[in-house]
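Scroll down for the structure; my scribbles are underneath it.
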Amino acid sequence: MKRALACILIFLGAGTANAGLVGDTVRVAHNWSTLGSEIYTPTNVLVQDGPGDLVYVAPYYSVNVDNLSIFVDFNRSDTWSWGAFNGLVISNIDSPLFDFDVTTNLAAWNDSRFTYTSDSLMFNWYGLSFNDGSSFQLTFDDRSSSRVPEPVSFALLGLGLAGLGLSRRRILNTPRLQGSCTGRD
């Protein structure tokens, strides 16, 4: 009975982690005039589904990072000035992302303005015009959000199996008494 209870507790304690962006803390920053030159108060944000993690990149746009998408809503009209880089950088991404798709109403946008590295997404808007109502959305494949076992789960499972093996070994190595075990001579 104790062994069965131990196995049940081990499997109840085993969990999974979400490998998408929800739960990650990412850095949202506007860079200008070169990549790495952050302006407009960069923000570290805990990613949630929904608008709870909305970041305002004053005074130009807001950014909402979700598990499988990033949405940018522009709040005024202007043109991004020229430079080697002028745009949004989202960094500290610790999950692999796949199959990117950009939807935007920014005239002259093309996919060569988007760059992905192992931990950053970069959107170079230099020279592009925008107005109140312009938007930009990046979506990516949900292969990155598959459920993966946590290392603690494997450790608990391994400890439970080792404990079962040791208890079985102890039972097999315990000498058996012959005859009656009444305690009387």
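Per-residue Karplus couplings for the range 44-58, computed as 6.51 cos²θ - 1.76 cosθ + 1.60 with θ equal to phi - 60°, are listed in order as 8, 10, 7, 6, 10, 6, x, x, x, 10, 4, 10, 9, 9, 5 Hz, Gly and Pro entered as x. Here the Karplus relation 6.51 cos²θ - 1.76 cosθ + 1.60, evaluated at θ = phi - 60°, turns the backbone of the range 86-102 into coupling constants of 8, x, 7, 10, 10, 10, 6, 7, 10, 10, x, 10, 9, 6, 6, 9, 9 Hz, with x for every Gly and Pro. Annotation: amide H-H contacts under 5 Å for ASN86 (H modelled 1.01 Å from N, sequence separation of 5 or more, or interchain): TRP125, TYR126.
Couplings for the range 103-119, taken from phi via the Karplus curve 6.51 cos²θ - 1.76 cosθ + 1.60 with θ = phi - 60°, read 10, 8, 10, 6, 5, 6, 5, 9, 5, 5, 7, 9, 10, 10, 10, 4, 9 Hz in order; Gly and Pro are left as x.
Any read-out appearing in this document is the output of simple, stated calculations on the displayed coordinates, not a laboratory observation. Everything numeric here is computed off the predicted structure, so don't read it as measured data.
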